[in-house]
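> Quick one: structure below, then a few questions.
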Amino acid sequence: MADGLNVALSVVVPCYNEDAGIDELYLRVSAACEQQGQTYEIVLVNDGSADTTRDKIFALTERDHHVVGIDLARNYGHQIALSAGLEFCRGHRILILDADLQDPPELLGPMMAKMDEGYDVVYGLREAREGESWFKLATASLFYRVLGKLSNVGIPANTGDFRLINRRTLDHLNAMPERYRFIRGMVSWIGLRQCAFPYQRHSRFAGETHYPLRKMLILAIDAMTSFSVTPLRFASHFGIAFGLLGIATLIYTIFAWAAGQVLPGWTSLASIMLILGSVQLLVLGIFGEYLGRMYMEAKRRPLFIVNQVVSRAAVEAGHAR
Ligand code: UDP
Ligand code: MG
């Protein structure tokens, strides 16, 4: 493996508790890379796995000089682990892949061909998704619809992080310092020439999803707050709506009083207070989401800490990267 940027292709894979599938992943990815007949590296990021993923990655680096193992200091989450791999990889073109083989590595060839047509980004567009519950599909589609409404960056629906990007795009991506990372959105934000690549998404080869509802919600909130400040305006919208409602009730009460009718007030008062109170708290919560993120960004901590980088090339050259 050459130093500098002399690798034609990098495949970057974040891995968290994937020991059941990682050998299969390695076999299929290296077969796909070998077919290209160019220099390549496979960057496997261990995101603080609790199983033997780390040992398996290190074993692969010993077996094959194409493999670079990056061991993070703890579990930082999918998007950060991916960012770590993207920062360390050195290819002119970079394939982003999940470790669970839901996105077939064999599509590398056709995606490379598509990029040869002059695109900077070739992103996978999921045509069919095997083995996903209707709930995941429904929430995903709702999420992209809301995100599309809120943000002015066109983030295509039904995409994941599975994509081929070139060095130019990656340099821009790596230059974005934010820690709440929604990488597919950030790539859309960059722009340049992008093209969809429709494919069939399979079910997981082994193991279970690491995106239960809670983590999906967090990713969704990260995405919304990273790509839109529209929710901050909800406060004024609510304010205007409830103000108008208040005036209307007042007018109604005055007319009723003039007609000789005194309206007993406490039920309506109580409900109005409850509604207003809840809206105020909701709006405060939205402000809080943004404020908290600003606070975390303001600390300017590094995105991740690397425990160790292992590759045979580095060991043979007598230095660890
Ligand atoms: N992943 C990670 N850190 C985490 C959770 C997930 O690096 O904290 C990796 C995981 O190993 C996989 C990818 O991110 O390669 C996507 O995760 P998963 O397949 O569980 O998500 P799903 O496909 O179900 O959305
Ligand atoms: Mg998956």
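> Tell me which residues, restricted to the range 20-52, are within 12 Å of ligand 1 (Cβ to nearest atom), touching a residue at least 40 places away in the same chain (Cβ under 8 Å) and surrounded by fewer than 23 Cβ atoms within 10 Å (Cβ to Cβ).
ALA20, GLY21
> Being within 16 Å of ligand 2 (Cβ to nearest atom) and out of contact with any helix residue (DSSP H, G or I) (no Cβ under 7 Å at 6 or more places or on another chain): is that true of LEU137 here? Give the steps one after another, and end with the answer.
Details: within 16 Å of ligand 2 (Cβ to nearest atom): yes; out of contact with any helix residue (DSSP H, G or I) (no Cβ under 7 Å at 6 or more places or on another chain): yes.
For LEU137, the condition - within 16 Å of ligand 2 (Cβ to nearest atom) and out of contact with any helix residue (DSSP H, G or I) (no Cβ under 7 Å at 6 or more places or on another chain) - is met.
> May I pose another question? Among the residues of the range 20-54, write down those that are within 23 Å of the chain's Cα centre (by Cα), outside any loop (DSSP other than H, G, I, E, B) and of a type in the set (S, T, N, Q).
ASN46, THR53
> What pairs come out if I take residues in the range 229-254 that are free of Cβ contacts under 8 Å to residues at least 40 places away in the same chain and pair them with residues that are outside any loop (DSSP other than H, G, I, E, B) whose C-beta lies under 7 Å away, six or more apart or interchain?
Close Cβ pairs (under 7 Å, with a partner that is outside any loop (DSSP other than H, G, I, E, B)) amount to PHE242/LEU276; PHE242/VAL279.
> Moving on. Checking ARG145 against (1) free of Cβ contacts under 8 Å to residues at least 24 places away in the same chain; (2) more than 18 Å from the chain's Cα centre (by Cα), only one condition comes out false. Which one?
(2)
> Hey, any hits in the range 105-122 for a residue that's in a helix (DSSP H, G or I), within 16 Å of ligand 2 (Cβ to nearest atom) and either within 16 Å of GLU18 (Cβ to Cβ) or under 20 Å from the mean Cα position of the chain (by Cα) (or both)?
Checked against the condition, which is being in a helix (DSSP H, G or I), within 16 Å of ligand 2 (Cβ to nearest atom) and either within 16 Å of GLU18 (Cβ to Cβ) or under 20 Å from the mean Cα position of the chain (by Cα) (or both), the range 105-122 yields at least one hit.
> Residues of the range 80-115 being under 23 Å from GLU132 (Cβ atoms), within 15 Å of ligand 1 (Cβ to nearest atom), crowded, with 18+ Cβ neighbours inside 10 Å and not β-branched (Val, Ile, Thr), which ones?
If the condition is that a residue be under 23 Å from GLU132 (Cβ atoms), within 15 Å of ligand 1 (Cβ to nearest atom), crowded, with 18+ Cβ neighbours inside 10 Å and not β-branched (Val, Ile, Thr), then ALA81, LEU82, LEU95, LEU97, ASP98, ALA99, ASP100, LEU101, GLN102, ASP103, PRO105 are the ones that fit.
> Here's something else I'd like to know. Criterion first (modelled with pLDDT under 90, away from ligand 2 (no atom under 16 Å from the Cβ) and surrounded by fewer than 19 Cβ atoms within 10 Å (Cβ to Cβ)) does GLY191 satisfy it? So that I can check it myself, show each step before the final result.
Working: modelled with pLDDT under 90: yes; away from ligand 2 (no atom under 16 Å from the Cβ): yes; surrounded by fewer than 19 Cβ atoms within 10 Å (Cβ to Cβ): yes.
Considered against the rule, which asks whether it is modelled with pLDDT under 90, away from ligand 2 (no atom under 16 Å from the Cβ) and surrounded by fewer than 19 Cβ atoms within 10 Å (Cβ to Cβ), GLY191 comes out as yes.
> Looking only at residues that are modelled with pLDDT of 80 or more and more than 14 Å from ligand 2 (Cβ to nearest atom) in the range 201-222, which one is farthest from PHE135 (Cα to Cα)?
ASP222
> Determine which member of the set LEU95, LEU137, LEU86 is aliphatic (A, V, I, L, M) and over 21 Å from ILE22 (Cα atoms).
Details: LEU95 fails: over 21 Å from ILE22 (Cα atoms); LEU86 fails: over 21 Å from ILE22 (Cα atoms).
None of the others qualify; the one that does is LEU137.
> Condition first: within 11 Å of ligand 1 (Cβ to nearest atom) and farther than 13 Å from VAL306 by Cβ. Now tell me which residues in the range 53-79 satisfy that.
Passing the criteria: THR53, ASN75, GLY77, HIS78, GLN79.
> Being in contact with a helix residue (DSSP H, G or I) (Cβ under 9 Å, 6 or more places away or on another chain), in contact (Cβ under 8 Å) with a residue 24 or more places away in the chain and more than 16 Å from ligand 2 (Cβ to nearest atom) narrows it down to one of ARG179, ARG167, so name that one.
On the way: ARG167 fails: in contact with a helix residue (DSSP H, G or I) (Cβ under 9 Å, 6 or more places away or on another chain).
Of the residues listed, the single one that is in contact with a helix residue (DSSP H, G or I) (Cβ under 9 Å, 6 or more places away or on another chain), in contact (Cβ under 8 Å) with a residue 24 or more places away in the chain and more than 16 Å from ligand 2 (Cβ to nearest atom) is ARG179.
The values are calculated or read from the model by the stated rules, or taken from the named source; none is laboratory data. This structure is a prediction, so every number in the text was calculated from the model and none was measured. Counting neighbours? That spans all protein chains shown, and the Cβs are built from the backbone with ideal geometry, glycine included.
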